[in-house]
Amino acid sequence: MSTSEPLPRKVIPIAVSPDRGPIAPPPGADAEMVSLYEAHKKIYPRSVSGYFANWRWALVWLTQIVFYGLPWLHWGQRQAVLFDLGARRFYIFGLVLYPQDFIYLTGLLVISALSLFLFTAVAGRLWCGYACPQTVYTEIFLWLEKKTEGDRSARMRRDAGPWTSDRWLRKSAKHALWLALSIWTGFTFVGYFTPIQELAGEIAQFNMGSWEIFWSLFYGFATYGNAGFMREQVCKHMCPYARFQSAMFDRDTLIVTYDEERGEPRGARSRKADPLALNLGACVDCSLCVQVCPTGIDIRNGLQYECIGCGACADVCDTVMDKMGYARGLVKYSTQNAVSQHWTRGQTLRHVLRPRVLVYTAILGSVMLAMVVSLAIRTPFKVDVVRDRGMLARMVEGGRIENVYRLQIMNATEAAQDFDIAVEGLPGLVVASEHGTGAIGSTQSRWVPVRVQSPYDAASAGSHPIRFVVKGSNGVGRVTEKSVFIVPQ
Ligand code: SF4
Ligand code: SF4
């Protein structure tokens with residue numbers, strides 16, 4: 001190499017860390033600034049119709065009818081579903097739960113987690129693509145966007161152009177609709193915690209409580225921000241499920257797949273052309289599958305963590321295949337094994353029922369059964385026993401020893417009820433105060449003072465275990481609670 005020739009430059013890209021700034025190159029190397037952070041490009045999903053889109057819309061309707069309608073339903077004199085945090089009562093149709101019933105909430109969470117494991121093992125991100133609130137609200141917001149601003153190409157053209165009066169008008173209409181829906185969503189959410197009819201009355205009279213205003217606006221703006229602006233960013237960067245779902249996937253999980261063997265080599269061609277003669281696969285490289293994708297990915301690049309399994313690309317590709325006169329299913333729900341081993345639909349479905357799925361199903365079924373049985377045999381009242389610390393054990397008339405307790409009795413039924421209190425555990429032990437509690441109103445609780453006496457010589461000095469037995473006077477339910485009886489020296 002002649003000395004006049006310039007030496008080849010050793011260029012080291014400099015990474016820019018958000019925390020530490022530019023990372024210094026090794027000594028002696030030329031440096032070139034390269035940002036490792038790609039600027040966010042707005043995604044304009046094209047609207048799509050088809051089999052999976054119909055399913056998604058069916059679930060949008062179903063989930064939203066339930067969400068917006070449930071707080072307006074009545075059960076007797078009260079709201080059918082109400083989580084009254086102030087009174088610490090949770091009403092779910094005929095069921096009244098207290099904080100002591102926390103175990104049912106735990107059961108519900110276990111069932112939700114196991115269902116997620118099961119559905120993911122069977123069909124990937126089924127929840128994400130069809131029923132997740134982020135997907136559902138994004139779908140509704142996109143529909144409103146399409147109604148006000150037109151479909152993808154019109155929106156892209158308008159956004160790239162100047163701010164005309166038409167653009168202002170359309171954007172304003174869109175945001176007004178988004179905001180109205182968001183505020184209604186926030187109001188409905190709060191209606192699960194405060195009786196919704198009272199809440200509506202408070203709004204009409206402009207005297208809503210500060211917490212109710214805060215949570216309505218907070219939930220409303222979270223909906224507006226997530227469904228209107230964040231959209232796929234939530235699925236890609238914020239949702240933890242996207243991160244650990246791969247642990248539940250295997251090669252027999254149903255996912256949206258592109259049949260590479262059939263589709264490649266891809267390329268445009270006329271409808272009448274013979275792809276074999278042109279040495280082309282079935283993919284006409286129209287890019288529609290990318291345009292409809294709400295997360296902006298190309299399914300032809302294989303399984304990607306951004307894919308929410310919504311099936312939009314499968315729907316649009318089927319329409320392309322129909323137009324070209326090719327068989328449907330170039331993009332479809334299938335498994336990696338089914339695609340690579342050319343399994344039939346029956347073979348694929350048979351492999352879906354594998355040991356992991358059967359184990360998840362068995363555990364889920366057992367937990368659900370246990371929860372149903374436990375709810376069915378649950379006693380319709382609760383009892384808490386507290387020894388009255390202000391009143392020590394003492395000797396009373398007739399040479400008897402007396403301890404005083406306070407029993408909190410919570411009537412979890414929808415009707416007023418009397419309760420009968422008895423005690424056992426020592427010879428001659430009796431309830432010396434009233435045995436009956438008197439009527440305790442529906443879903444009300446009451447502290448009842450109870451004096452318990454035992455004969456002087458029934459037990460030695462010290463602490464003795466005893467049991468309170470509380471029965472509903474209508475014969476429904478029997479609760480036993482442990483306590484201790486103190487015999488003084
Ligand atoms: S929609 Fe189908 S044909 Fe069009 S690019 Fe995607 S995979 Fe190829
Ligand atoms: S790749 Fe297909 S299934 Fe996955 S998110 Fe995009 S459109 Fe939905």
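The values are calculated or read from the model by the stated rules, or taken from the named source; none is laboratory data. Given the structure is predicted, the values throughout are model-derived calculations rather than measurements. Positions of Cβ are backbone-derived with ideal geometry, glycine not excepted, and every protein chain shown enters the neighbour counts. Accessible surface is based on the protein model in full, side chains and every heavy atom, while ligands, DNA and RNA are left aside. Shrake-Rupley method; radii C 1.70, N 1.55, O 1.52, S 1.80 Å.
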task: Identify all residues within segment 104-116 that are touching a residue at least 60 places away in the same chain (Cβ under 8 Å) and open to solvent by 70 Å² or more (accessible area, probe 1.4 Å); write none if there are none.
output: L108
statement: The number of residues in segment 142-160 that are within 16 Å of L59 (Cβ to Cβ) and either open to solvent by 50 Å² or more (accessible area, probe 1.4 Å) or in contact with a Phe, Trp or Tyr (Cβ under 6 Å, 6 or more places away or on another chain) (or both) is 1
task: Under 7 Å between Cβ atoms, at least 6 apart or on separate chains: pull out the pairs that start in segment 147-170 with a residue that is more than 14 Å from K42 (Cβ to Cβ) and touching a residue at least 60 places away in the same chain (Cβ under 8 Å) and end on any residue that is open to solvent by 40 Å² or more (accessible area, probe 1.4 Å) and of a type in the set (G, A, S).
output: D151/S47
statement: Within segment 292-307, residues being near ligand 1 (Cβ under 7 Å from one of its atoms) and within 25 Å of the chain's Cα centre (by Cα) number 0
Test result for S287, over 31 Å from the mean Cα position of the chain (by Cα) and within 22 Å of S49 (Cβ to Cβ): yes
statement: Within segment 117-139, the count of residues that are open to solvent by 30 Å² or more (accessible area, probe 1.4 Å) and among the β-branched types (V, I, T) comes to 1
query: Is at least one residue of segment 429-437 at pLDDT 90 or above and closer than 24 Å to F119 by Cβ?
result: no
field: Those helices (runs of 4 or more DSSP H) lying entirely in segment 77-193 with at least 1 residues of a type in the set (D, E)
entry: 133-149, 152-160, 165-190
query: Given the residues F214, F206, F193, which is the only one that is in contact with a Leu (Cβ under 7 Å, 6 or more places away or on another chain), farther than 26 Å from G129 by Cα and either open to solvent by 50 Å² or more (accessible area, probe 1.4 Å) or of a type in the set (A, V, I, L, M) (or both)?
result: F193
query: From the residues in segment 292-330 that are more than 21 Å from C132 (Cα to Cα) and in a loop (DSSP other than H, G, I, E, B), which one is nearest to ligand 2 (Cβ to nearest atom)?
result: D298
- request: For segment 263-291, enumerate the residues that are of a type outside the set (K, R), within 8 Å of ligand 1 (Cβ to nearest atom) and assigned to a loop (DSSP other than H, G, I, E, B).
  value: A282, C283, V284, D285, C286, S287
field: Restricting segment 52-89 to residues that are of a type in the set (F, W, Y) and surrounded by 12 or more Cβ atoms within 10 Å (Cβ to Cβ), the residue that is nearest to I196 (Cα to Cα)
entry: W72
Selection within segment 316-331 - open to solvent by 40 Å² or more (accessible area, probe 1.4 Å) and of a type outside the set (S, T, N, Q): D322, K323, G325, Y326, A327, R328
message: Checking the structure you have, find out if any residue of segment 229-238 is away from ligand 1 (no atom under 16 Å from the Cβ), of a type in the set (V, I, T), in contact (Cβ under 8 Å) with a residue 40 or more places away in the chain and closer than 28 Å to Y360 by Cβ.
response: yes
Residue within segment 256-271 that is at pLDDT below 95, open to solvent by 30 Å² or more (accessible area, probe 1.4 Å) and within 28 Å of the chain's Cα centre (by Cα) present: no
